[in-house]
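S.K.: Provided herewith is a single structure, encoded as structure tokens, for subsequent inquiry.
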Amino acid sequence: MKERQLGLRENLGQFVLLVVINAFVGSMVGLERTVLPLLGEREFGLTSKTAITSFIVSFGVTKAVLNLVAGRVSERLGRKPLLIVGWLFALPVPFLIIYAPAWWWIDLANVLLGANQALAWSMTVIMKVDLVGPRRRGLALGLNEFAGYFAVGVTSWVTGFIAAQYALRPQPFYLGIVIALLGLGLSLFFVRETLGHVRLEASASATAPARPPSLGHVFFLTSIGNASLFAACQAGLVNNLNDGMSWGLYPLFFAAFGLGVEGIGVIKAVYPGVWGLLQVATGPMSDRVGRKGLIAGGMAVQAGGIWLTVLGASYVAWIAGAALQGLGTAMVYPTLLAAITDHTHPTWRATSLGVYRFWRDLGYAVGALLSGVVADLFGFAVAIHLVAALTLISGVVVATVMTERRV
């Protein structure tokens, strides 16, 4: 058996395989980005924005809770078993959406989708970090998030195009059946376990603890006990808060101006497409220039994109706003993950990443619920302005309290 080594070049085959698998993971979310809010309004007759965005709440809460569990369990049982289980959760999702007679079926589908994303996406993140070692984490995470979110963008456009040609369902969701089967097959037959790489890195560390700290201790430390980890957690939550708002409200906001589903699909593809593509650059850039400036600046750019979207009131402005929001998120997303790994030890890194991803993905639920309630009470514009302001404030918090830690 070949001796384990840390490094991107030394583990290139497995690394590339995990990039491909995460593209499939992201595609499962892209299935819903354009079509599902319109489906709630047009086929299920929902008028409450809070009710329509309920599927994002179920998705976000499930994903957040299982993120927390996944990191800890993977340190004991391994990464590959959880990756496989994640894909098993994905298999029923397109069928539930295709055959749903009531909206609660859509909420159920998104509980399963949240479980798929928590387990499968978490494991692709953690396994890449395991493989490359401490010095190429920004690059590894940039490539991981590029694959996932570029796939979200492509699938958002494809489903919008298919829906415009045929119908909001079932045709756009046939793609999801194929994606889930491919993701499961690759994970089951070709992915190799990476816990051995963790032990290799830990053995070379001069600061190894006598035994890994408890989940409660890591939760406290990551959430509020360490200023830099706290800054990363709140930024992750607010980042996904604004993403949850854009997922649930933007299709309805654009449709209120008379924009068709294919045009909405294009806008919805630009945001994750730019976000995904630019992470190839921003991830490794954070290895060279540091994490703090990219995160704080990225939150400000996101806020600018959201304000342009609500103030522009034209197709060109919406495209530009989506591109700015994508640029800002690309600056933030892989950099936050890398910042977490900078301040944690290999023996409890996966648990800390799980805590961070708990807070980050809870932002989907908070954003969807907050923006839905505010939109019902005061209208789309007030809800979008509020989310933009929260995003800018989050960037100020990062600039104030986060510190750099070079590795």
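S.K.: Counting residues in the range 116-178 as N, plug N into 2.2 N^0.38 Å and put the Cα Rg over that result.
M.R.: 1.48
S.K.: Give the Cα extents of the range 43-188 along the principal axes, in whole Å, largest first.
M.R.: Result for the range 43-188: principal-axis Cα extents of 50, 28, 28 Å.
S.K.: Here's another thing I want to ask about it. Quick one: compute the contact order of the chain, relative version, from alpha carbon pairs under 8 angstrom and 6+ residues apart, as a percent.
M.R.: 28 percent
S.K.: If the only charges are +1 at each Lys and Arg Cβ and -1 at each Asp and Glu Cβ, what is the size of the charge dipole of the chain around the Cα centre, to the nearest 20 debye?
M.R.: Computed about the Cα centre, the dipole is about 1080 debye.
S.K.: Would you mind checking the tilt of helix 122-132 against the longest principal axis of the Cα atoms of the chain, expressed as 0 to 90 degrees and rounded to 10?
M.R.: With both axes taken from Cα atoms, the answer is about 40 degrees.
S.K.: Once the principal axes of the Cα atoms of the range 361-407 are found, what is the range along each, listed largest first in whole angstroms?
M.R.: In descending order, the Cα extents are 47, 19, 11 Å.
S.K.: Could you tell me which residue out of 55, 66, 40 lies farthest along the dipole of the range 31-114 toward its positive end? Charges go on the beta carbon: Lys and Arg +1, Asp and Glu -1, centred on the Cα centre.
M.R.: In the range 31-114, that residue is 66.
S.K.: Express the carbon and sulfur contribution to the solvent-accessible surface of the range 347-407 as a percent, rounded to the nearest whole number, probe 1.4 angstrom.
M.R.: 77 percent
S.K.: By a straight-distance test (C-alpha under 18 Å), which aspartates and glutamates pair with residue 128 as possible cross-link partners, with residues fewer than eight away in the same chain excluded?
M.R.: The reachable aspartates and glutamates, counting only those whose Cα sits under 18 Å from residue 128, are 3, 10, 75, 145, 193, 201, 287, 342.
S.K.: Can you give me the distance in nm between label points at residue 401 and residue 389, each placed 7 Å from the Cα along the Cα-to-Cβ direction?
M.R.: 2.1 nm
S.K.: Would you list which lysines come within 20 Å of residue 49, measuring only between C-alpha atoms, while excluding same-chain residues fewer than 8 positions from it?
M.R.: List returned: 268.
S.K.: Another question, then. Tell me what the chain gives for mean residue ellipticity at 222 nm when only DSSP H runs of n ≥ 4 count, each as -39,500 (n - 2.57), the sum divided by the residue total, rounded to 500 deg cm²/dmol.
M.R.: -27000 deg cm²/dmol
S.K.: Could you order the peptides 299-311, 30-42 from most to least packed, using the average number of other C-beta atoms within 10 Å per residue?
M.R.: By packing density, highest mean first, the sequence is 30-42, 299-311.
S.K.: Still on this model: Expressed as an acute angle from 0 to 90° and rounded to the nearest 10, what is the orientation of the C-alpha long axis of helix 79-90 relative to the principal long axis of the chain?
M.R.: Rounded to the nearest ten degrees, it is 10.
S.K.: Still on this model: Using Cα pairs under 8 angstrom and six or more residues apart, how large is the relative contact order of the range 332-407, in percent?
M.R.: Value for the range 332-407: 27 percent.
S.K.: How tilted is helix 380-401 with respect to the longest principal axis of the chain? Cα atoms for both, answer in degrees (0 to 90, nearest 10).
M.R.: Long axis of 380-401 versus the principal axis of the chain: about 20 degrees.
S.K.: Now, a different point. Per residue, what volume in Å³ does the convex hull of the Cα atoms of the range 55-107 enclose?
M.R.: 64 Å³
S.K.: Let me ask something else. Keeping all protein chains in position, work out how much accessible area residue 287 exposes to a 1.4 Å probe, and write it in Å² to the nearest 10.
M.R.: 50 Å²
S.K.: What are the ³J(HN,Hα) values, in whole Hz, obtained from phi via the Karplus relation 6.51 cos²θ - 1.76 cosθ + 1.60 with θ = phi - 60°, for each residue of the range 332-342 in sequence order, with x given for Gly and Pro?
M.R.: 8, 5, x, 5, 4, 4, 5, 5, 4, 5, 5
S.K.: At 4 °C and 1.567 mPa s, grab the translational diffusion coefficient of the chain from Stokes-Einstein with a Kirkwood Rh over Cα pairs, rounded to a whole number in µm² per second.
M.R.: Value of D from the Cα-based Kirkwood radius: 62 µm²/s.
S.K.: Right, here's the next one. For residue 320 paired with residue 99, estimate the spin-label separation in nm (one decimal), with each label point 7 Å from Cα along the Cα-to-Cβ line.
M.R.: 4.8 nm
S.K.: Could you run the Debye sum over the Cα atoms of the range 235-307, one equal point scatterer each and no solvent, and tell me log10 of I(q)/I(0) at q = 0.19, 0.20 Å⁻¹, two decimals?
M.R.: Listed by q, the Debye log ratios stand at -0.88, -0.95.
S.K.: So for the range 212-326, averaging the separation of alpha carbon pairs under 8 Å that are six or more residues apart and normalising by length, what relative contact order in percent results?
M.R.: Computed value for the range 212-326: 24 percent relative contact order.
The values are calculated or read from the model by the stated rules, or taken from the named source; none is laboratory data. Values in this document were obtained by computation on a predicted structure and should not be read as measured data. FYI the Cβ positions are ideal-geometry reconstructions off the backbone, even for glycines, and counts take in every protein chain you see. Keep in mind that these areas ignore ligands, DNA and RNA; they rest on the heavy atoms of the full protein, side chains included. Shrake-Rupley method; radii C 1.70, N 1.55, O 1.52, S 1.80 Å.
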